[in-house]
Each structure stands twice: as C-alpha cells, then as structure tokens.
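Asks: Have a look at the structure that comes next, please.
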Amino acid sequence: MNNYRVVEKFVSINGEGQFAGMLSVFIRFAFCNLRCSYCDTMYANEPSASYEWLSEEQIVSYIKEQQVERVTLTGGEPLIQKQIHTLIQRLLSEGFLVEIETNGSVDLKPFSSPLRPYFTLDYKLPASDMESHMNLENYEIITKQDVVKFVISNQSDLEKAHKIVKQFDLIEKTQVYFSSVFSQISPSEIVDYMSRHHLNGIHFQLQMHKFIWPPEQRGV
C-alpha cells in the first residue's frame, strides 16, 4: 500500500495560475528539495514539518467526498514523494483534473505519460537563491496546457524572467505568468515593465488568496 506524508488537505479556490478563482481540492505534501528565500510554506518544508501518513485510498476517498472536480497537488515539492506517480495516475483515471505545482527542479518526463496532469512549473529567479537548481530540460516537454510561473522579487529578477522567456520561446510553447513576491516589489513595477517591453502573451497575476485571507493563513 502506498502511503504519503500530507501536511494539510482542504478545499479552496486556486489563488493563482490558469485556474485562479476556481475551486480545487488541495493536498499539500511534506518536504521540499529547495529552500527559496521567500518561501511562504516553510511549515511544510522543514525536516521537522508536522504531517500525517495517508494512504492512496484515504487521499482518493477524501477528494471524492468534496465533490470538486479539480485537484491541486502541492507542497513542499509533490514530485519528490515516493510513489506519487501512482497517485497521480489514479486520480486522472478517476476523472479528476489534476494540477501539479512543482518547483522547476524535478524532471517532468516520468510524469508526462499520455494520461497527463497540468503542470504549473516555477522558474526560480536569482533572488530565490535557487536558480542553479532549475531543470531546463523541462522546457522541451511543456505544452500549452501547462504554466511556467516566475515569482519576481526585484528589478533584476524581472529582467532575468524576460530573458528566460525569450531564450526558451516560452510564449509559443506554454502559458507564462509573472507574479510579485508579496510585499517585496510593487505589482505596478512589473506591469510597467511589461508595458514598456511589449510583453504580449504574458499574464500578470496576484496571489488572490493573500487578499481574501490574511497572507499567513493556512488551509486556504
């Protein structure tokens, strides 16, 4: 039987990305292989993180009980969980629309079988201190159903995001989202940059859940 370390599970709207504003069942897994400077889920990432062991059957049963068609697997880093491929395929075969929020360091190829989830893939910019961990081969397999997300802390991050978008021709390959690290850069600064550089095809987003609830609130 496959068991998974689950920090929290809840129903809420997606706060960002292509499904922003839509209901989803969130399953947040423990532990991450990165340590981003601005991480807002360190309670899930630390070695001392509190979690419960849940079986595949318990997770699937919980999701079915919520009567919500979308499932978001997040973390932590969901793709480093043992046997996560089995859970993903089970949820897809049950008819759920599965989104994986992944940090950009994990190879997506093993999870890109014909029955395929939606990937929301981060590119960690310099201010995250994790840029060297990015797996650039992932840009060979992403599609228009996926998202590449740039979380921007400052002007240097913004310029690097622009460079990566052009280098990998991301606007033609996938959906591209820019967002601001909460309280570190003005959203208007990013929008102004997009306007000055004619960044057609890029979405700007705010983390909606941090405006609906207190920014530090969990389970939303």
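Asks: Among the residues of region 155-211, write down those that are closer than 21 Å to Tyr118 by Cα and either in contact with a Cys (Cβ under 8 Å, 6 or more places away or on another chain) or free of Cβ contacts under 8 Å to residues at least 24 places away in the same chain (or both).
Replies: The answer is Asp169, Glu172.
Asks: Name the single residue, out of those in region 19-45 being among the hydrophobic types (A, V, I, L, M, F, W, C) and without any contact (Cβ under 8 Å) to a residue 40 or more places away in the chain, that is surrounded by the fewest Cβ atoms within 10 Å (Cβ to Cβ).
Replies: Going through the qualifying residues, I end up with Met42.
Asks: Same structure, new question: Among the candidates Ser153, Ser188, Ser195, single out the residue that is at negative phi and under 19 Å from the mean Cα position of the chain (by Cα).
Replies: Testing whether each residue is at negative phi and under 19 Å from the mean Cα position of the chain (by Cα) leaves just Ser153.
Asks: Lys163 versus (1) within 24 Å of Leu199 (Cβ to Cβ); (2) in a loop (DSSP other than H, G, I, E, B); (3) of a type outside the set (Ser, Thr, Tyr): which is the lone unmet condition?
Replies: With (1) within 24 Å of Leu199 (Cβ to Cβ); (2) in a loop (DSSP other than H, G, I, E, B); (3) of a type outside the set (Ser, Thr, Tyr) applied to Lys163, the lone miss is (2).
Asks: Could you count how many residues in region 128-140 are surrounded by 15 or more Cβ atoms within 10 Å (Cβ to Cβ) and free of Cβ contacts under 8 Å to residues at least 60 places away in the same chain?
Replies: Initial filter on region 128-140 (surrounded by 15 or more Cβ atoms within 10 Å (Cβ to Cβ)): 128, 130-131, 133-135, 138-139.
From the residues that got through so far, the ones that are free of Cβ contacts under 8 Å to residues at least 60 places away in the same chain too are 131, 134-135, 138-139.
Counting residues in region 128-140 that are surrounded by 15 or more Cβ atoms within 10 Å (Cβ to Cβ) and free of Cβ contacts under 8 Å to residues at least 60 places away in the same chain gives 5.
Asks: Next question. Taking the criterion of being small (Gly, Ala, Ser) and either open to solvent by 60 Å² or more (accessible area, probe 1.4 Å) or touching an Asp or Glu at 6+ places or on another chain (Cβ under 7 Å) (or both), would at least one residue in region 109-120 satisfy it?
Replies: Scanning region 109-120, I find no residue that is small (Gly, Ala, Ser) and either open to solvent by 60 Å² or more (accessible area, probe 1.4 Å) or touching an Asp or Glu at 6+ places or on another chain (Cβ under 7 Å) (or both), so the answer is no.
Asks: Is region 96-117 home to any residue that is over 21 Å from Gly15 (Cβ atoms), within 16 Å of the chain's Cα centre (by Cα), part of a helix (DSSP H, G or I) and not aliphatic (A, V, I, L, M)?
Replies: Checked region 96-117: at least one residue is over 21 Å from Gly15 (Cβ atoms), within 16 Å of the chain's Cα centre (by Cα), part of a helix (DSSP H, G or I) and not aliphatic (A, V, I, L, M).
Asks: Right, another one. If a residue must be open to solvent by less than 10 Å² (accessible area, probe 1.4 Å) and in a helix (DSSP H, G or I), how many such residues does region 46-78 contain?
Replies: Within region 46-78, residues that are open to solvent by less than 10 Å² (accessible area, probe 1.4 Å) and in a helix (DSSP H, G or I) number 4.
Here's the yes/no breakdown for (1) modelled with pLDDT of 95 or more; (2) in contact with a helix residue (DSSP H, G or I) (Cβ under 6 Å, 6 or more places away or on another chain):
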| residue | (1), (2) |
| --- | --- |
| Thr41 | no, no |
| Ser50 | no, no |
| Leu54 | yes, no |
| Ser61 | yes, no |
| Val68 | yes, no |
| Val71 | yes, yes |
| Glu77 | yes, no |
| Ile88 | yes, no |
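Asks: Looking only at residues in region 172-198 that are open to solvent by less than 20 Å² (accessible area, probe 1.4 Å) and hydrophobic (A, V, I, L, M, F, W, C), which one is farthest from Leu158 (Cα to Cα)?
Replies: Ranking the candidates gives Val176 first.
The values are calculated or read from the model by the stated rules, or taken from the named source; none is laboratory data. If you're wondering where the values come from, they're calculated on a predicted model, not measured in any experiment. Neighbour counts run over all protein chains shown; Cβ positions are idealised from the backbone, glycine included. The accessibility values were calculated without ligands, DNA or RNA, using every heavy atom of the protein model including side chains. Shrake-Rupley method; radii C 1.70, N 1.55, O 1.52, S 1.80 Å.
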